Amino acid sequence: EPEVTQTPSHQVTQMGQEVILRCVPISNHLYFYWYRQILGQKVEFLVSFYNNEISEKSEIFDDQFSVERPDGSNFTLKIRSTKLEDSAMYFCASSEAGLVNEQYFGPGTRLTVT
Amino acid sequence: GENVEQHPSTLSVQEGDSAVIKCTYSDSASNYFPWYKQELGKGPQLIIDIRSNVGEKKDQRIAVTLNKTAKHFSLHITETQPEDSAVYFCAASKGRRALTFGSGTRLQVQP
């Protein structure tokens, strides 16, 4: 069964450093998303991406964040200058084209900012 | 924006009993309501969803009901098994927009 994959599973970085989180969405999907989950809290939306551009973003997704689809398979989230409060699980999700909004999530990347 | 409230936050049942988790949403324009199961250390797994043109949907031991007038929807798990133990999240969205998640319910099924 096709699934969303994410790398790395765990990333430790120092405050102020840049990190890039990588995702490979399900191959025939066209909508891509990033969500995050701070430990013990609900899953929060960051950004959605379709047709090579951002289609929606939340207040969390400020100028420190960016997304890119550098090739036909990868979808990345970059945090330019990490802060302690960026520590969280980051989930990538993808969904098919059309009206269906079924989003399939990857296993996540645990980001720890020290 | 949309706000989704979920309760209870924890639920403990005996194996074989039923479990019910309830969510309410605020935006009457929301029309898609998925449920996710999250096991420890894993990403949310879509287990069932319902659209606003349907009042109930069932898949084996899992069912979801939707009351659009009251703006609430529920997950029903019958004949619970230990492997049903996990955190369950409800969510809501409008069209293709972002999912807004509830705060989660930790379900523990006691053998």
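The values are calculated or read from the model by the stated rules, or taken from the named source; none is laboratory data. Quick caveat: nothing in here was measured; it's all calculated off a predicted structure. Virtual Cβ from ideal backbone geometry, glycine too; neighbours counted across all protein chains shown.
In the range B:1-19, what count of residues is obtained for those that are within 17 Å of residue B:71 (Cβ to Cβ) and either touching a Cys at 6+ places or on another chain (Cβ under 7 Å) or part of a strand (DSSP E or B) (or both)? First the steps, then the outcome.
Of the range B:1-19, the ones within 17 Å of residue B:71 (Cβ to Cβ) are B:1-7.
Next, from what is left, pick out any that are either touching a Cys at 6+ places or on another chain (Cβ under 7 Å) or part of a strand (DSSP E or B) (or both): B:4-7.
Qualifying residue count for the region: 4.
Within the range A:10-23, the presence of a residue that is at pLDDT 95 or above, more than 15 Å from the chain's Cα centre (by Cα) and of a type in the set (Asp, Glu) is excluded. Of the residues A:114, A:109, A:76, A:82, which single one is crowded, with 20+ Cβ neighbours inside 10 Å, farther than 20 Å from residue B:99 by Cβ and not small (Gly, Ala, Ser)? Answer to the selection: A:82. Highlighted here are the strands (runs of 3 or more DSSP E) found entirely within the range A:1-95 that include at least 3 residues which are over 29 Å from residue B:3 (Cβ atoms) and not hydroxyl-bearing (Ser, Thr, Tyr): A:10-13, A:19-24. Annotation note: of A:53, A:68, A:44, the sole residue that is among the charged types (D, E, K, R) and facing chain B (nearest Cβ under 9 Å) is A:44.
Restricting the first member to the range B:90-111 and to residues that are more than 8 Å from every other protein chain (Cβ to nearest Cβ) and on the phi > 0 side of the Ramachandran plot, and the second to residues that are surrounded by fewer than 22 Cβ atoms within 10 Å (Cβ to Cβ) and not polar (S, T, N, Q), no beta-carbon pair is closer than 7 Å while six or more apart or on different chains.
Would it be correct to say that residue A:74 is within 23 Å of residue B:45 (Cβ to Cβ), more than 14 Å from chain B (Cβ to nearest Cβ) and in contact (Cβ under 8 Å) with a residue 60 or more places away in the chain? Spelling it out, it is not the case that residue A:74 is within 23 Å of residue B:45 (Cβ to Cβ), more than 14 Å from chain B (Cβ to nearest Cβ) and in contact (Cβ under 8 Å) with a residue 60 or more places away in the chain.
From B:85, B:52, which residue is more than 10 Å from chain A (Cβ to nearest Cβ), out of contact with any Phe, Trp or Tyr (no Cβ under 8 Å at 6 or more places or on another chain) and either within 21 Å of residue A:100 (Cα to Cα) or at pLDDT 95 or above (or both)? Exactly one of B:85, B:52 is more than 10 Å from chain A (Cβ to nearest Cβ), out of contact with any Phe, Trp or Tyr (no Cβ under 8 Å at 6 or more places or on another chain) and either within 21 Å of residue A:100 (Cα to Cα) or at pLDDT 95 or above (or both), namely B:85. Would you point out the residue of the range A:11-34, among those that are under 27 Å from residue B:103 (Cβ atoms) and in contact with a Gly (Cβ under 9 Å, 6 or more places away or on another chain), that is farthest from the other protein chains (Cβ to nearest Cβ)? Ranking the candidates gives A:25 first.
State whether the residues of the range A:44-52 include one that is of a type outside the set (A, V, I, L, M, F, W, C), at pLDDT below 95 and over 22 Å from residue B:34 (Cβ atoms). Among the residues of the range A:44-52, at least one is of a type outside the set (A, V, I, L, M, F, W, C), at pLDDT below 95 and over 22 Å from residue B:34 (Cβ atoms), which makes the answer yes. Selection over the range B:21-47 of residues that are without any contact (Cβ under 8 Å) to a residue 60 or more places away in the chain and either surrounded by fewer than 19 Cβ atoms within 10 Å (Cβ to Cβ) or among the β-branched types (Val, Ile, Thr) (or both) gives a count of 11. Looking across A:104, A:90, A:33, one residue alone is among the aromatic types (Phe, Trp, Tyr) and out of contact with any Phe, Trp or Tyr (no Cβ under 8 Å at 6 or more places or on another chain). It is A:104.
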